[in-house]
Structure formats: C-alpha cells, structure tokens
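Novice: Attaching a single structure in structure tokens format; questions to follow.
The values are calculated or read from the model by the stated rules, or taken from the named source; none is laboratory data. Small disclaimer: the values here were computed from a predicted structure and weren't measured. Note that we place each Cβ from the backbone using ideal geometry, even for glycine, and neighbour counts take in every protein chain shown. Only protein heavy atoms, including side chains, enter the accessible area calculation; ligands, DNA and RNA are left aside. Shrake-Rupley method; radii C 1.70, N 1.55, O 1.52, S 1.80 Å.
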Amino acid sequence: MVTKKTTQATTQLKPAVRYSIIPKDLAGHLFQVTMTVDSPAPEGQILSLPAWIPGSYMIREFSRNIVQIKASSDSKRVTLKKLDKHTWQAARCKGPLEVVYEVYAWDLSVRAAHLDQQHGFFNGTSVFLCVHGKQSLTHVVDIQRADHPACSTWRVATAMKELNAERYGFGTYIADNYDELIDHPVEMGNFSLATFHAHGVSHDFVVSGKIPNFDMERVVADVKKICEYQIGFFEPRTKQAPMDRYVFMTMVVGDGYGGLEHRASTALMCNRSDLPVRHHADMSDAYRNFLGLCSHEYFHTWNVKRIKPTAFANYDLSCENYTSLLWVFEGFTSYYDDLVLVRAGVIDESAYLKLISKTINTVTRGSGRLKQSVAESSFDAWTKYYRQDENSPNAIVSYYTKGSLVALGLDLLIRTETGGKKSLDDVMRAMWKRFGRDFYQQGNTESGHGVNEEDISMLIEQATGINTRQFLQRYVHGTSDVPLAKLYAEFGIALEPSASASKPSLGIRVVRDGNDCRIANVYEGRAAHVAGLSAQDVLIAINGLRVTAADAGDQLSAALGRYRVGEKIQLHVFRRDELMIVDASLQIDDAPAYQLRLSEETDLPLLKSRPSFIKKSKRST
C-alpha cells in the first residue's frame, strides 16, 4: 500500500537515475538491468560497479558477473569504453543515456545475487551501476515480475521506500541517493512473512525456503524481545528507533550460515535445523545461535551502519577501505549480541555464561592471538581474516571473538572502577549520541562524520571517567590475553579450567572429505607439527588400523584415547598421491576448556552486583 510519506516523495521527485530490473532467465540465473541517465556527463558518462559490499571486507569483483552490456541514446548505439575491471565510459551523447546489461546471479550468500525458479535475491552492489557525479541524486528502481509461471505468485521484500508499488509488490521503489540504493537488498519469491511492532516500528520477518512445521510465532516473539531491548538500549528515554521500518530476510538452506547488516534490514542465511519446530519448546544450541545472529545484525543498525569508523563514513567501493577499528564495530557487536539475549529474557543466565566460555575457549585455542593484535587483525581483514587458509589459527586472531572479549574486559573494568555506576553501555550510548544518531541527516555523509582510532580512549573516559589507555595498549594494540579471570572475580564469577582427565592428542583438526579423513589444520608446536604432518594430508591408518571419514571428530579422539600421553604411534598418510609413514609422540590435549561458575563463597551483596553486569540496571542507564 502506498503510504502518505511515499506519495510526498512522488510529488517532490527530483532529477533521478532510473533503473529497471527483471529476472530474465531463471534457469540461466540472469537478471536484466536497464539504467537511464537523463543528463549524462558532457565529456562522456563514467559508470562503475562496486568491487565490494559494505560489511564484508573482501574485494569480490562483482563486475565479473556482468555477462553483456550495451548503451544507446535516442535509439542510436553509444560506444562503451572499458577503463578498468569495473569501470566504463560512454561516448559523448546528449541523453538520455540508456544502458542495458545482464548480471549472472548464482551466488547463494548474503552478499551478492542469486536467481532460480524458487526465488530471486540481490544486493544493489551486485546489480546497480554507479553513475559517477550523480550519486547524490534520487535513484528510482522498477522491480519487474518475470513472465514465467514460477513467478506468478511471487512477492517482493525490501526496506526500500515504495514509490508506485504496493507493500510486498512489484513496481517502483525510491532511494534518496546511490548509497541508500545499494543498502536495501531485495528478496522476491513465495516467502513466509510475519510482521510485528517494536516500540511502534513495523518489523517484517521474511523466510525463504522449505521448512516443515516451522514455528514462526516463536521466532517472532523472541526476535521482538531482542529488537525492543536494543531500541531501548540506545534510546532509553524516547525508545525511538533510527528507521521507520525494518526487514529481516532469511534464506533457509540445508547447510549455510551468515548475515549482512544494512541500514533498515538484514540478509540472513541459516540451516533448516537452526529454526524451531512447532510444539518443541526446548532451546537448542542451533536456535540460540540463530537468535544471536539476528541480535548481532540488528545491533549493527546502530553500530557500523550509523556509528561508523571514519574510513567508512564515505565508502570508496572501488578498493579496500582500511580501518584498525573493526574490533569495536564487529567485536563490540559480538559482545552485545549474546548479552542482549539474556538481558531481553530470551535465554537464561546459565546459557549466557556457557556462550562466553565457548568464546574464551575459541580465542585461546589458536596461537595466532599471540602474534597479531586485534587492531592489526582489523586493518588486515581484507587480506587475512577474509582470506583464511589452513595456517590461519597459527597466524591470525579474530577481531570478532577477541574483540568481544576486549569489550567484556572493558565492561567489567569500568563497572569495577566506578562501583557499578558506569559501564560499557554508557560508552555505546555516548558514541550513538555523538556519531550515530544524526549520521544520515544532511551533511554528515558528506563530511565524513566517523570515529577515529584516537577517539576511543577519549570517548570511554568522557563517558565513564575511567582512563583505559593502558588497557587498550596491552589488549588491543598488543597481543596479551584479556585478564578475564581477575576481572570476573570482582563479580563473584570464577573462570577456571574444566576438570577432565588428561587426553592424548595429535594437535590437529580433521574434516570429512568423501570417505577420507583429511587434516584441515595442524596446530603449531603440537604432535602432528613436530612429526611433519601438514594440512591437506589424508590420514589413512594409526598403528596399522584404518582411518576413514567416519573417524573425523570424536571418533578420532576415541581412537587416540587407547594410547597414553607420550606414547609413540605410527601414522600412514597420503600427501597428494604419495604415501608417507611417520612416527608421532602423542601430547596432552591442550585444547582450552574454561568454564564460568559462581563462586560458592560469594556473599549476597556481591551477588547483587552480578546482575548489574548481566541485566540492565538503574545504576548504569
């Protein structure tokens, strides 16, 4: 339904860049896009397609999916000269300039475009050419229904404003500029849909894919709690959300996981088994992780889509945009995604402590954390984190997971030093007020209104009165482990190793590869490394007993459990097509197994300070 606000946009329409997009060939996975520029640049209009998409820090070369492209003006052909891998310049013409091109869409992910007989999905960065010099103009898109029986009942889901389209319908949509255009992904198909309101703002939950006995009502109830908590978190007085409407777009598959944030929506992918089944009330680990994903991407509505590092305030989508602050924008978000679940009452306190324990164990498992700081990891995201290989656990640290532990350490430190009067919550709200609340107001996107690295310690001190420069130097710019055991002790929570028997280990991670048990990672300094094994080697026998894909995981641990720590075993492995026989001395399994528990000696006053950390308290708001 066309809203009053949409009607106003129609009557006040300024000169625009216009697009139409239609699923041209479902089986061939082709979208056809037609772009019209009324007044092309007199020297010859330059056009380009982004090389990456904000939120996914890797050059993806989306232009490689343009199958063919041609231009015309006044029914006459206009030559397009290619300037580089993703840029074209049209020959001079009076206009209007019309450019028609086909985009191959067969990337089933949250970051590109996908089209078949079941659905269509695209991000603007994959399909909409940028018209240089006209990025600030209004952009209008006509999303057209394909003339194919499979599409006859399709609907459209997007957070883009309707122009001459009804809600969920094909037709024209409008964006204030190119930056907004590419920040509204589009899903089309026969999706499931539920709508709820969080503090007065309409939220759509869209699910594509077959899911028997899917409990949509439960998902909506849980996600609503998450959304209402987060809106109130950043705006505790007004409860005002930064968008007029929000859309969750979830693609359900047999094996997949991921999410990508946008200013008023998120694209999600999950396994069918991640979603709850009707009449099953249990909270599975998979469903808990899915809710954490929803919480993470929704938190980005504030933290990275509006509170941004300076490098992202004005994106250059033709090349890498470097920042050493992803530990704030992804790490802090990763800290709050699970914390919100317990604060909103979606999971209990015990489940939350288990999630934190899991993150601690994940971070401390890899020796890469001792070689790369989270600031360096942020800066090198383009070349290392997003291009991981078999040696990554030994070489890099995740700005997501260790960044979340830095946030946890800061939160505990601030609460301890201020007697519970201040917390990291105050820092986030101060950042929102200074950098995020008015980001999309006129002027901010042009002026590069973003967070500089030197702002962080100053912002923390201004918001809390606590000087954290030494903490940041040691745990953000240095490679020391955050002293969580010491910090947790102030809250009556003990962080300690799990009590378990010493188990023998080779220090490897194996995966199933057909019927083979293939080594995926060899941990530095461990038994397999010392013996000369490498990632991609295929383990075929231990002491003359065959090893197969069935032994990948717990079965391999069980097989090694028949031996003692320090005992030498003979391994048969294939490296490429050559058989190798090596001897390895088993070492004790040093995989971290920390757990969090409440100290038995904790008295009542200290127990009361613990909920001020986990739950929203009057002292910290």
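Quick grid of which residues meet (1) under 18 Å from the mean Cα position of the chain (by Cα); (2) under 27 Å from R429 (Cβ atoms):
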| site | (1), (2) |
| --- | --- |
| L260 | yes, yes |
| L268 | yes, yes |
| N271 | yes, no |
| V277 | no, no |
| S295 | yes, yes |
| W302 | yes, yes |
| K308 | yes, yes |
| Y322 | yes, no |
| W327 | yes, yes |
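Novice: For the stretch 197-214, which positions are surrounded by fewer than 18 Cβ atoms within 10 Å (Cβ to Cβ) and closer than 27 Å to Q117 by Cβ?
Specialist: K210, P212, N213
Novice: Return yes when H203 is assigned to a strand (DSSP E or B) and of a type outside the set (F, W, Y) and no when it is not.
Specialist: yes
Novice: Would you be able to say whether some residue in the stretch 224-232 is modelled with pLDDT of 95 or more, surrounded by 17 or more Cβ atoms within 10 Å (Cβ to Cβ), among the hydroxyl-bearing types (S, T, Y) and in contact with a Phe, Trp or Tyr (Cβ under 8 Å, 6 or more places away or on another chain)?
Specialist: no
Novice: When you scan the stretch 493-500, do you find a residue that is within 30 Å of T418 (Cβ to Cβ), assigned to a helix (DSSP H, G or I) and of a type outside the set (D, E), even just one?
Specialist: No: the stretch 493-500 contains no residue that is within 30 Å of T418 (Cβ to Cβ), assigned to a helix (DSSP H, G or I) and of a type outside the set (D, E).
Novice: Output the number of residues of the stretch 322-363 satisfying the condition of being assigned to a loop (DSSP other than H, G, I, E, B) and under 21 Å from G232 (Cα atoms).
Specialist: Count: 5.
Novice: Can you name every residue in the stretch 79-99 that is closer than 15 Å to K134 by Cα and at pLDDT below 95?
Specialist: G95
Novice: Do we have any residue at all in the stretch 103-111 that's among the aromatic types (F, W, Y), in contact (Cβ under 8 Å) with a residue 24 or more places away in the chain, closer than 22 Å to G258 by Cβ and in contact with a helix residue (DSSP H, G or I) (Cβ under 8 Å, 6 or more places away or on another chain)?
Specialist: Yes, that holds for at least one residue.
Novice: Condition test on R306, is it open to solvent by less than 30 Å² (accessible area, probe 1.4 Å), farther than 19 Å from K224 by Cβ, of a type in the set (K, R) and touching a Phe, Trp or Tyr at 6+ places or on another chain (Cβ under 7 Å)?
Specialist: Against the criterion (open to solvent by less than 30 Å² (accessible area, probe 1.4 Å), farther than 19 Å from K224 by Cβ, of a type in the set (K, R) and touching a Phe, Trp or Tyr at 6+ places or on another chain (Cβ under 7 Å)), R306 qualifies.
Novice: Suppose we filter V530, V565 for residues that are out of contact with any strand residue (DSSP E or B) (no Cβ under 6 Å at 6 or more places or on another chain) and either at pLDDT 90 or above or part of a strand (DSSP E or B) (or both); which single one remains? So that I can check it myself, show each step before the final result.
Specialist: Values: V565 fails: out of contact with any strand residue (DSSP E or B) (no Cβ under 6 Å at 6 or more places or on another chain).
None of the other options fit; the residue is V530.
Novice: So which residues in the stretch 552-598 are under 28 Å from I360 (Cβ atoms), acidic (D, E) and open to solvent by less than 70 Å² (accessible area, probe 1.4 Å)?
Specialist: Scanning the stretch 552-598 gives a single hit, D589.
Novice: Okay, moving on. Do any residues in the stretch 266-286 that are touching a residue at least 24 places away in the same chain (Cβ under 8 Å) and farther than 30 Å from E180 by Cα have Cβ atoms under 6 Å from those of residues that are of a type in the set (A, V, I, L, M) and open to solvent by less than 10 Å² (accessible area, probe 1.4 Å), where the two are at least six apart or on different chains, and which pairs are they?
Specialist: Correct list of pairs: R272/V252.
Novice: Here's a follow-up. Is there a residue being out of contact with any Lys or Arg (no Cβ under 9 Å at 6 or more places or on another chain) and crowded, with 20+ Cβ neighbours inside 10 Å anywhere in the stretch 145-153?
Specialist: Checked the stretch 145-153: no residue is out of contact with any Lys or Arg (no Cβ under 9 Å at 6 or more places or on another chain) and crowded, with 20+ Cβ neighbours inside 10 Å.
Novice: A further question follows. Among the residues of the stretch 233-258, how many are surrounded by fewer than 22 Cβ atoms within 10 Å (Cβ to Cβ) and either in a strand (DSSP E or B) or not hydrophobic (A, V, I, L, M, F, W, C) (or both)?
Specialist: Qualifying residue count for the region: 16.
Novice: Taking V156 and the conditions (1) buried (at least 17 other Cβ atoms within 10 Å of the Cβ); (2) part of a loop (DSSP other than H, G, I, E, B); (3) under 24 Å from the mean Cα position of the chain (by Cα); (4) hydrophobic (A, V, I, L, M, F, W, C), which numbered condition does it fall short on, given that it satisfies the others?
Specialist: It is condition (2) that V156 fails.
Novice: Pick out, from the stretch 364-481, the helices (runs of 4 or more DSSP H) lying fully within it that include 1 or more residues that are among the β-branched types (V, I, T) and touching a Ser or Thr at 6+ places or on another chain (Cβ under 6 Å).
Specialist: By residue number, 401-417, 455-464.
Novice: Continuing with the same structure: Mind checking which pairs have a first residue in the stretch 349-370 that is surrounded by 16 or more Cβ atoms within 10 Å (Cβ to Cβ) and of a type outside the set (F, W, Y) and a second that is at pLDDT 95 or above and not in a helix (DSSP H, G or I), Cβ under 6 Å, 6 or more apart or different chains?
Specialist: Once the first residue is surrounded by 16 or more Cβ atoms within 10 Å (Cβ to Cβ) and of a type outside the set (F, W, Y) and sits in the stretch 349-370, its partners that are at pLDDT 95 or above and not in a helix (DSSP H, G or I) give G368/I396; G368/V397; R369/V397.
Novice: Is it true that S373 is of a type outside the set (A, V, I, L, M, F, W, C), in contact (Cβ under 8 Å) with a residue 60 or more places away in the chain, open to solvent by less than 30 Å² (accessible area, probe 1.4 Å) and under 16 Å from V476 (Cα atoms)?
Specialist: yes
Novice: Given the options S273, S295, name the one that is surrounded by fewer than 20 Cβ atoms within 10 Å (Cβ to Cβ) and outside any loop (DSSP other than H, G, I, E, B). If you could, list the steps in order and put the result at the bottom.
Specialist: Details: S295 fails: surrounded by fewer than 20 Cβ atoms within 10 Å (Cβ to Cβ).
When all the criteria are applied, what remains is S273.
Novice: Restricting attention to the stretch 98-110, does a residue exist that is touching a Leu at 6+ places or on another chain (Cβ under 9 Å), among the hydrophobic types (A, V, I, L, M, F, W, C) and more than 18 Å from V33 (Cβ to Cβ)?
Specialist: There is at least one residue in the stretch 98-110 that is touching a Leu at 6+ places or on another chain (Cβ under 9 Å), among the hydrophobic types (A, V, I, L, M, F, W, C) and more than 18 Å from V33 (Cβ to Cβ).
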